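Visitor: Just dropping this structure here.
The values are calculated or read from the model by the stated rules, or taken from the named source; none is laboratory data. What you are looking at is a predicted structure, and each value in this text was computed from that prediction instead of being measured. Positions of Cβ are backbone-derived with ideal geometry, glycine not excepted, and every protein chain shown enters the neighbour counts.
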Amino acid sequence: MTASTDAAPSLLERYRRAAALAPERLPTLMRNRRIDPIWTGDGDAFWYRRQTADGDELVLVDPVAGTRTVGATLADLGVQEPASAAPPAGVLPGPDGRGLRRRDHDLSLVDGDVETPLTADGEEGFAWGALRSDSNMVVPFRRMGLDLPPVGTVHSPSGRRVLTMRVDERRMRTKHMVESVAPGGGARPECHQWRVQLEDEGPPPPPQCRILDLDAGGAVEVDVADGLGAQVIVNGATEVTWSADERYLYLLHHRQGEARAAIVEVDVASGARRDAVVLDEGPLYEPNQFLYHLPLVRVLPETGEVLLFSQRDGWGHLYLFDLATGACLHRVTEGDLVVRDLLRVDVEHREVTFVAGSGDDGWNPSWRRIYRAGLDGGTQRLLTPEPADHDLAAPPPQFFHLVFGKGKPPIDALSPSGRFLVDHISTVDEPPVIVLRDAADAGRIVLELERTDVTALLDAGYVAPHPFRVLADDGETDLWGVVAMPQHPHDPQRIPIVEDVYAGFQIAHAPHAYLGGSGTSARHGALAGYAALGFAAIMVDGRGTPGRDRAFRQWTHRQFHTDRGLEDHVTALAALAAADPRLDTTRVGVVGHSYGGYNAARMLLRFPTAYRAGISSAGVHDPAKMPFGRWDWHLGGSADVDRDGDAYRELGNLHLAERLEGDLLIVCGEIDENATVDHSHALARALMQAGKRFDMRIWPGADHYRIDAYARMTFWDHLVRSLLEQSPPRAFVPG
């Protein structure tokens, strides 16, 4: 990029420009960033809400006719206003009109105005349908005053039966957080507490699973002491498949970090179970490379088959298995790709529509593409051929939809027949074009629905980052990232660098779509502020992150003593600077939040000559302080882990304290349940014992999920002092 010829802004003006580009402001500066289709039920017709300069209007689309009609109301469009589908607060609706509610520690059946108890043995810390205490959301949910529906509870298709689970927390020790300035006022601090089993306290007690017959009143116990169905708590109905006659149900049995997985068939009448399909894919099996996405599993009891994700051939494909024999029938998907999401499995037409990333043509492998393949193999078709990211709404976990979905059905990007789909096409530097495609005609574009209006965004000074590709530390593997260059560098020949890092196995971090559309980290929005301050801001994904071939993906698995992919970030910095000599590799800062906070500190400590400054926000620095099992992806499951050994100690950052040379800022919210404040205190104590200087901020009343304007200003101040050697502008007021 060529530096602007405008007069260089003052540091105060830079802060103000960066504040105008705060991540929470950016979505409001775009119109029609995405379309959420509402299918009318009349064939494949749908309507959506679009934004104009004069307010919202509605658009009715007839995909078969290829027309779109604009109106102010649904009545204008001839569409009947849908009845509200929101169930009463705290009720999990069933398919037969009846629902379930938690009463104290037990479940009750809700049928109109009548409630009937279903269980009677629930107790404090061992309650049916209760949210786990270590869900990381106890305090926010309390603050929101939510009456949560039963979790870990799933109806059968008829609504007659229910599978429900409870977690035994009775013997777990209580963890406390003190909120120094209580939001309700008064001088006394407020103490928050929840139960949790920490890594150094051994495995927690097993959960309990029960199948309830809502009509006959019987109950059957299912043995889940080995962890069967653990993800039902969050993912709900997508984790459970019932046979058509409801004699059997099927669950995925897999513990994170282990090589073995199984589809378990449970006899509904007796609770007896058998392993119907078994996978053993050492050293590591994953139901989905992306930790927070739904497992890539579909049991098809109608045909006696199972569709499963596997990386056995070095990529991430779907395979079809025989439910009766457990045999692998064949591979369904083709090519050098990694399946990311299942959009729909059509048993009648024996087709699966899925999202995958592929780098077989030299394109960015993180770009999402939409494919349709026959379950019998050999008929895979790419429906989105443009060289860009293709964003379609994937099914959400049941729990999050129940809590935040406001009673509305989940957004489905595919039409009821499966023929049409709504696609958001973009790159990191090209705004979305939203189109309607015909899957029956090789993904042909039927209509252009909208072009995202980014006029206000650009007027505010937003400069989109540019993608780059460099080689990893092995000198062979391609890495992809983005860099946002400043319009007004302080010194056009020596531009300092800020890297925003995550570097975790959980998600990909570097954006691959336009602002707000990557479906990965939300940190994309922070780059604009750093660039406005005069920094070159980068994000890059090294080896060990998801969305790539198996060797790339599992690079950091069981690599306790190594840099675990972080060396790729140092190599990427050097490659960028070699390509653009204006980049000053003697002035590099690294910023990260959560697992990124852990790695930001780790990078500063492990590579003191590469990074001058670091900001570790809500980092998890002591492995023993994590809830039991949270390190299993690295450790390979907890059964054979020596928690007193060097390998386990190497996971943390405390033993690296003596290596600190740069300027480190440690920050954390005092009521952060996810990365609790004791992690930050533990790192601070280790640094103090090593005689190292550092800065630390503990935010009063802050949790894990939001970095506010004041905290963001503090980040900027730290980087300005360390990388620019200037004093922050005292006149700037965040807000």
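Visitor: Counting only residues that are surrounded by fewer than 24 Cβ atoms within 10 Å (Cβ to Cβ) and part of a loop (DSSP other than H, G, I, E, B), which one in the range 521-543 is modelled with the lowest pLDDT?
Guide: Per the stated criteria, the residue is Ser521.
Visitor: Given the condition surrounded by fewer than 16 Cβ atoms within 10 Å (Cβ to Cβ), closer than 23 Å to Ile497 by Cα and without any contact (Cβ under 8 Å) to a residue 12 or more places away in the chain, answer yes or no: does some residue in the range 710-732 qualify? So that I can check it myself, show each step before the final result.
Guide: So the first thing to find is which residues in the range 710-732 are surrounded by fewer than 16 Cβ atoms within 10 Å (Cβ to Cβ), and the list is 710, 725-727, 730-731.
The next check asks that each one be closer than 23 Å to Ile497 by Cα; those that pass are 710, 725-727.
Checking the rest, the ones that are also without any contact (Cβ under 8 Å) to a residue 12 or more places away in the chain come to 725, 727.
Looking through the range 710-732, at least one residue is surrounded by fewer than 16 Cβ atoms within 10 Å (Cβ to Cβ), closer than 23 Å to Ile497 by Cα and without any contact (Cβ under 8 Å) to a residue 12 or more places away in the chain.
Visitor: OK, next. Restricting attention to the range 163-203, report how many residues are over 19 Å from Asp104 (Cα atoms), of a type in the set (S, T, N, Q) and surrounded by fewer than 15 Cβ atoms within 10 Å (Cβ to Cβ).
Guide: Total meeting the criteria: 2.
Visitor: Report yes if Gly314 is among the small types (Gly, Ala, Ser), part of a loop (DSSP other than H, G, I, E, B), more than 24 Å from Pro467 (Cβ to Cβ) and out of contact with any Phe, Trp or Tyr (no Cβ under 7 Å at 6 or more places or on another chain), otherwise no. Break it down stepwise before answering.
Guide: Numbers: among the small types (Gly, Ala, Ser): yes; part of a loop (DSSP other than H, G, I, E, B): yes; more than 24 Å from Pro467 (Cβ to Cβ): yes; out of contact with any Phe, Trp or Tyr (no Cβ under 7 Å at 6 or more places or on another chain): yes.
Spelling it out, Gly314 is indeed among the small types (Gly, Ala, Ser), part of a loop (DSSP other than H, G, I, E, B), more than 24 Å from Pro467 (Cβ to Cβ) and out of contact with any Phe, Trp or Tyr (no Cβ under 7 Å at 6 or more places or on another chain).
Visitor: Of the residues Leu458, Leu436, which is surrounded by 17 or more Cβ atoms within 10 Å (Cβ to Cβ) and either assigned by TED's automatic domain parsing to the domain that holds Gly592 or at pLDDT 95 or above (or both)? It would help to see each step written out before you state the result.
Guide: Details: Leu458 fails: surrounded by 17 or more Cβ atoms within 10 Å (Cβ to Cβ).
The conditions single out Leu436.
Visitor: Next up: Give me a count of the residues in the range 364-416 that are part of a loop (DSSP other than H, G, I, E, B), closer than 13 Å to Arg437 by Cα, under 24 Å from the mean Cα position of the chain (by Cα) and not aliphatic (A, V, I, L, M).
Guide: Here is the first cut: in the range 364-416, the ones part of a loop (DSSP other than H, G, I, E, B) are 364-368, 375-380, 383-388, 392-397, 405-413, 415-416.
From what's left, closer than 13 Å to Arg437 by Cα: 383-386, 392, 413, 415.
Checking which are under 24 Å from the mean Cα position of the chain (by Cα) leaves us with 384, 392, 413.
With not aliphatic (A, V, I, L, M) added as a condition, the list becomes 384.
Of the residues in the range 364-416, 1 are part of a loop (DSSP other than H, G, I, E, B), closer than 13 Å to Arg437 by Cα, under 24 Å from the mean Cα position of the chain (by Cα) and not aliphatic (A, V, I, L, M).
Visitor: Let me ask something else about it. I want to confirm something. Restricting to the range 35-44 and keeping residues that are buried (at least 19 other Cβ atoms within 10 Å of the Cβ) and assigned to a loop (DSSP other than H, G, I, E, B), which single residue is nearest to the chain's Cα centre (by Cα)?
Guide: My answer is Ile35.
Visitor: Quick test for you: out of Leu447, Leu471, Leu421, pick the one residue that is surrounded by 21 or more Cβ atoms within 10 Å (Cβ to Cβ), touching a residue at least 12 places away in the same chain (Cβ under 8 Å) and not basic (Lys, Arg).
Guide: Working: Leu447 fails: surrounded by 21 or more Cβ atoms within 10 Å (Cβ to Cβ); Leu471 fails: surrounded by 21 or more Cβ atoms within 10 Å (Cβ to Cβ).
So the residue among Leu447, Leu471, Leu421 that is surrounded by 21 or more Cβ atoms within 10 Å (Cβ to Cβ), touching a residue at least 12 places away in the same chain (Cβ under 8 Å) and not basic (Lys, Arg) is Leu421.
Visitor: Further question: Any idea which of Val339, Val355, Val403 is in contact with a Lys or Arg (Cβ under 7 Å, 6 or more places away or on another chain) and of a type in the set (Val, Ile, Thr)?
Guide: Val355
Visitor: Another question about this same structure. Return the total of residues in the range 506-556 being out of contact with any Leu (no Cβ under 7 Å at 6 or more places or on another chain) and under 23 Å from Asp313 (Cβ atoms).
Guide: So the count comes out to 14.
Visitor: Same structure again: So, in the range 554-583, how many residues would count as being of a type in the set (D, E, K, R) and in contact with an Asp or Glu (Cβ under 8 Å, 6 or more places away or on another chain)? Walk me through it before giving the result.
Guide: In the first step, residues of the range 554-583 are kept if they are of a type in the set (D, E, K, R); the result is 558, 563-564, 567-568, 580, 582.
Within this subset, residues satisfying the condition of being in contact with an Asp or Glu (Cβ under 8 Å, 6 or more places away or on another chain) are 567-568.
Of the residues in that region, 2 qualify.
Visitor: On the basis of being within 14 Å of Arg210 (Cα to Cα), touching a Ser or Thr at 6+ places or on another chain (Cβ under 6 Å) and at pLDDT 90 or above, does Asp121 make the cut?
Guide: Working: within 14 Å of Arg210 (Cα to Cα): yes; touching a Ser or Thr at 6+ places or on another chain (Cβ under 6 Å): no; at pLDDT 90 or above: yes.
Considered against the rule, which asks whether it is within 14 Å of Arg210 (Cα to Cα), touching a Ser or Thr at 6+ places or on another chain (Cβ under 6 Å) and at pLDDT 90 or above, Asp121 comes out as no.
Visitor: What's the total number of residues in the range 106-136 that are out of contact with any helix residue (DSSP H, G or I) (no Cβ under 9 Å at 6 or more places or on another chain) and within 18 Å of Arg173 (Cα to Cα)?
Guide: Qualifying residue count for the region: 9.
Visitor: Got a number for residues in the range 259-274 being touching a residue at least 24 places away in the same chain (Cβ under 8 Å) and not in a loop (DSSP other than H, G, I, E, B)?
Guide: If we filter the range 259-274 for residues that are touching a residue at least 24 places away in the same chain (Cβ under 8 Å), which is where we start, we get 259-261, 263-266, 268-271, 273.
Applying the additional criterion that residues be not in a loop (DSSP other than H, G, I, E, B) yields 260-261, 263-266, 273.
Summing the residues that are touching a residue at least 24 places away in the same chain (Cβ under 8 Å) and not in a loop (DSSP other than H, G, I, E, B) in the range 259-274 gives 7.
Visitor: Right, another one. With the requirement that a residue be surrounded by 13 or more Cβ atoms within 10 Å (Cβ to Cβ) and of a type in the set (D, E, K, R), what does the range 276-291 give you?
Guide: Of the residues in the range 276-291, the ones surrounded by 13 or more Cβ atoms within 10 Å (Cβ to Cβ) are 276-279, 281, 284-291.
Within the range 276-291, Glu281, Glu286 qualify.
Visitor: Sticking with this one: Could you tell me whether Ala373 is in contact with a Gly (Cβ under 8 Å, 6 or more places away or on another chain), buried (at least 19 other Cβ atoms within 10 Å of the Cβ) and without any contact (Cβ under 8 Å) to a residue 60 or more places away in the chain? Break it down into steps so the answer makes sense when it comes.
Guide: Details: in contact with a Gly (Cβ under 8 Å, 6 or more places away or on another chain): no; buried (at least 19 other Cβ atoms within 10 Å of the Cβ): yes; without any contact (Cβ under 8 Å) to a residue 60 or more places away in the chain: yes.
The answer is no for Ala373.
Visitor: On the basis of being outside any strand (DSSP E or B) and either modelled with pLDDT under 95 or surrounded by fewer than 18 Cβ atoms within 10 Å (Cβ to Cβ) (or both), does Ala7 make the cut? Full working, then the answer.
Guide: Working: outside any strand (DSSP E or B): yes; either modelled with pLDDT under 95 or surrounded by fewer than 18 Cβ atoms within 10 Å (Cβ to Cβ) (or both): yes.
Yes: the conditions hold for Ala7.
Visitor: Still on this model: Any chance you could count how many residues in the range 637-678 are assigned to a helix (DSSP H, G or I) and either modelled with pLDDT of 90 or more or in contact with a strand residue (DSSP E or B) (Cβ under 9 Å, 6 or more places away or on another chain) (or both)?
Guide: Matching residues across the range 637-678 total 8.
Visitor: Checking Ile698 against (1) modelled with pLDDT of 95 or more; (2) assigned to a helix (DSSP H, G or I), only one condition comes out false. Which one?
Guide: (2)
Visitor: Determine which member of the set Gly629, Gly637, Gly529 is assigned by TED's automatic domain parsing to the domain that holds Gly475, of a type in the set (Gly, Ala, Ser) and farther than 30 Å from Pro203 by Cβ.
Guide: After ruling out the rest, the residue left standing is Gly529.
Visitor: So, in the range 457-497, of the ones that are assigned to a loop (DSSP other than H, G, I, E, B) and aliphatic (A, V, I, L, M), which residue ends up farthest from Leu29 (Cα to Cα)?
Guide: Step one: filter the range 457-497 for residues assigned to a loop (DSSP other than H, G, I, E, B), giving 460-465, 472-477, 485-494.
Checking which are aliphatic (A, V, I, L, M) leaves us with 460, 463-464, 472, 485.
Values: Ala460: 8, Val463: 13, Ala464: 14, Ala472: 36, Met485: 20 Å.
Only one residue tops the list, namely Ala472.
Visitor: I'd like the residue in the range 580-592 that is farther than 19 Å from Ala657 by Cα and in contact with a strand residue (DSSP E or B) (Cβ under 8 Å, 6 or more places away or on another chain) and, out of all such residues, is surrounded by the most Cβ atoms within 10 Å (Cβ to Cβ).
Guide: Quick first cut of the range 580-592, residues farther than 19 Å from Ala657 by Cα only: 580-588.
Imposing the further condition that a residue be in contact with a strand residue (DSSP E or B) (Cβ under 8 Å, 6 or more places away or on another chain) reduces the set to 582-585, 587-588.
Working: Arg582: 15, Leu583: 21, Asp584: 17, Thr585: 18, Arg587: 20, Val588: 30.
Here the residue is Val588.
Visitor: For the structure I just gave you, tell me whether Val220 is assigned to a strand (DSSP E or B), in contact (Cβ under 8 Å) with a residue 40 or more places away in the chain and touching a Gly at 6+ places or on another chain (Cβ under 8 Å). Don't jump to the end; show me each part of the working.
Guide: Values: assigned to a strand (DSSP E or B): yes; in contact (Cβ under 8 Å) with a residue 40 or more places away in the chain: yes; touching a Gly at 6+ places or on another chain (Cβ under 8 Å): yes.
Yes.
Visitor: Okay, moving on. Hey, among Ala702, Ala657, which residue is without any contact (Cβ under 8 Å) to a residue 60 or more places away in the chain, farther than 25 Å from Arg173 by Cβ, among the hydrophobic types (A, V, I, L, M, F, W, C) and surrounded by 20 or more Cβ atoms within 10 Å (Cβ to Cβ)?
Guide: Details: Ala702 fails: farther than 25 Å from Arg173 by Cβ.
Residue meeting the stated conditions: Ala657.
Visitor: Quick one: in the range 227-258, of everything that is in contact with an Asp or Glu (Cβ under 6 Å, 6 or more places away or on another chain) and part of a loop (DSSP other than H, G, I, E, B), which residue is surrounded by the fewest Cβ atoms within 10 Å (Cβ to Cβ)? Working first, answer last.
Guide: Here is the first cut: in the range 227-258, the ones in contact with an Asp or Glu (Cβ under 6 Å, 6 or more places away or on another chain) are 231-232, 248, 250, 256-257.
Next, only the ones that are part of a loop (DSSP other than H, G, I, E, B) stay: 231, 256-257.
Numbers: Gln231: 21, Gln256: 23, Gly257: 23.
Among residues in the range 227-258 that are in contact with an Asp or Glu (Cβ under 6 Å, 6 or more places away or on another chain) and part of a loop (DSSP other than H, G, I, E, B), the one surrounded by the fewest Cβ atoms within 10 Å (Cβ to Cβ) is Gln231.
Visitor: Would you mind telling me which numbered condition in (1) over 19 Å from His424 (Cα atoms); (2) crowded, with 21+ Cβ neighbours inside 10 Å Asp361 fails?
Guide: Unmet for Asp361, out of (1) over 19 Å from His424 (Cα atoms); (2) crowded, with 21+ Cβ neighbours inside 10 Å: (2).
Visitor: Kindly establish whether Asp500 is in a strand (DSSP E or B) and more than 15 Å from Asn364 (Cβ to Cβ). Even if it seems obvious, please write down each step before you answer.
Guide: Values: in a strand (DSSP E or B): yes; more than 15 Å from Asn364 (Cβ to Cβ): yes.
Considered against the rule, which asks whether it is in a strand (DSSP E or B) and more than 15 Å from Asn364 (Cβ to Cβ), Asp500 comes out as yes.
Visitor: Output the residues belonging to the range 81-94 that are farther than 30 Å from Thr116 by Cα and surrounded by fewer than 11 Cβ atoms within 10 Å (Cβ to Cβ).
Guide: First, the residues of the range 81-94 that are farther than 30 Å from Thr116 by Cα: 81-82.
Of everything in the range 81-94, just one residue is farther than 30 Å from Thr116 by Cα and surrounded by fewer than 11 Cβ atoms within 10 Å (Cβ to Cβ), namely Glu81.
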